Amino acid sequence: MPSTDVPGSPAPQTQHTPARRRLRVAILGAGMIGEVHRRAALLAGAEVAGVLASTPQRSAEVGAAWGVHGYADLAEVLADDVDVVHVCTPNAQHAPAAAAALSAGKHVVCEKPLGISLAEAEALAAQAEASGLVATVPFVYRYHPLVRELRARVGYGEFGTWNLLHGSYLQDWMLAPEASGWRVDPAAGGPSRAFADIGSHWCDLVEFVSGVRFADLVATVSIVVPERPAAGGKAFSGDSGGELVPVSTEDSALVLLRTGDGVPASTVISQVSAGRKNRLWFELDGSRGSAVFDQENPETVWLGGPEVDRVLHRDPGAGSPEQRRLATLPAGHAQGYAQCFELFVADTYAAIRGERPDGLPTFADGARSARIVDAVLRSVDEGTWTPISNGAES
Ligand code: SOE
């Protein structure tokens with residue numbers, strides 16, 4: 001089963017993490033996802049102390065807009081009396097910023113990928129483990145209540161043994177040839193783009209729900225827009241306006257996977273599929289039944305049977321304990337991505353207070369994801385089935 005433990009036991013109650021004081025947090029990065037972290041932190045009852053953006057001037061502007069301090073640099077963040085640092089910067093800064101925050105005794109929430117190389121991600125996960133601090137990665141789709149319901153039903157044996165696992169994660173925000181941003185620059189985004197960004201979510205979620213571990217894979221990737229404007233535009237805006245530069249990172253990836261027990265799986269990952277906005281979809285086919293989840297329609301799941309199929313609704317009054325815990329609104333009052341993020345951040349803060357929330361994605365899960373990304377890149381280079389490293393977890 002995937003690791004769900006919070007590193008360190010018991011969680012430290014240092015001067016930075018008093019049990020009752022309101023947590024103080026700093027946000028690194030002021031793009032789309034920095035804003036999502038900020039909202040989730042506020043809703044979880046934290047005080048956002050400040051923000052560090054791409055330049056001191058931008059920090060001051062965002063700080064003024066958020067009503068918080070705008071930090072001049074990372075050293076000022078680390079010297080501040082904050083309990084938690086949220087790392088929401090471009091990918092290449094994740095590992096150095098998170099490592100510095102852990103060294104300064106801060107708990108960390110770090111966006112994936114943990115590093116732009118496997119070595120960086122492994123080192124960061126090891127540092128987090130040794131620190132005893134709480135270090136989490138927003139694999140937030142784990143926080144859809146019906147994802148927990150399916151996971152519980154897998155645990156009860158409802159679906160039998162797995163015949164095959166399959167699905168896709170499709171977006172279209174890189175469809176336009178003029179779409180760009182820092183992710184297109186491998187120095188800032190890393191050597192994998194679509195797979196590291198969203199294929200990572202699909203693999204995390206399918207392993208989390210089904211309980212399998214993928215052991216090896218074979219992948220092919222494609223670049224459908226060979227030149228894009230140089231980085232500088234905003235993600236999802238289609239606006240960039242720089243000179244054209246060659247693209248070296250994938251727009252799509254097709255991956256066949258196998259578990260150690262030989263269960264076959266496949267996924268299609270794309271950011272150039274017109275009309276698909278954020279469609280993470282999977283089907284788990286077992287010897288007794290099947291299960292389908294669609295991230296864009298997360299209020300129901302489909303349960304396939306040999307004779308009768310059923311549709312299950314999210315409902316705080318029904319189902320497994322975790323489904324009930326995470327269903328914070330009544331049935332029919334739609335929960336979605338924002339609530340997933342809020343529940344993830346709330347669970348991270350609960351872990352900092354010494355609780356042990358189930359299914360909290362940690363740096364160990366981030367390192368696991370980096371191993372899969374690494375195997376995809378190696379498979380593409382070598383054109384063959386490639387084992388996924390077990391890392392320190394084996
Ligand atoms: C952009 O592709 C993005 O924001 C990802 O970075 C997130 O991880 C995903 O949840 C939604 O899409």
Wholly within segment 106-203, which helices (runs of 4 or more DSSP H) include no fewer than the required count, namely at least 2 residues that are away from the ligand (no atom under 12 Å from the Cβ), surrounded by 24 or more Cβ atoms within 10 Å (Cβ to Cβ) and touching a residue at least 12 places away in the same chain (Cβ under 8 Å)?
-> 118-131, 145-156
Please indicate, with yes or no, whether at least one residue in segment 351-371 is part of a helix (DSSP H, G or I), over 19 Å from residue 196 (Cβ atoms) and assigned by TED's automatic domain parsing to the domain that holds residue 87.
-> yes
Residues in segment 298-306: is at least one in a strand (DSSP E or B) and small (Gly, Ala, Ser)?
-> yes
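Has segment 256-275 got any residue that is of a type in the set (Ser, Thr, Tyr), touching a strand residue (DSSP E or B) at 6+ places or on another chain (Cβ under 9 Å) and part of a loop (DSSP other than H, G, I, E, B)?
The answer is yes, given that some residue of segment 256-275 is of a type in the set (Ser, Thr, Tyr), touching a strand residue (DSSP E or B) at 6+ places or on another chain (Cβ under 9 Å) and part of a loop (DSSP other than H, G, I, E, B).
Quick check on segment 158-197: of everything there that is among the charged types (D, E, K, R) and within 16 Å of the chain's Cα centre (by Cα), which residue is nearest to residue 141 (Cα to Cα)?
Taking segment 158-197 first, the residues among the charged types (D, E, K, R) are 158, 172, 178, 183, 185, 193, 197.
Now narrow it down to the ones that are within 16 Å of the chain's Cα centre (by Cα): 183, 193, 197.
On the way: 183: 21, 193: 19, 197: 13 Å.
The residue in question is 197.
The values are calculated or read from the model by the stated rules, or taken from the named source; none is laboratory data. Worth saying up front: this structure is predicted, and the values here are computed from it rather than measured. With ideal geometry, Cβ positions are generated from the backbone for all residues, glycine too; neighbour counts draw on all protein chains shown.
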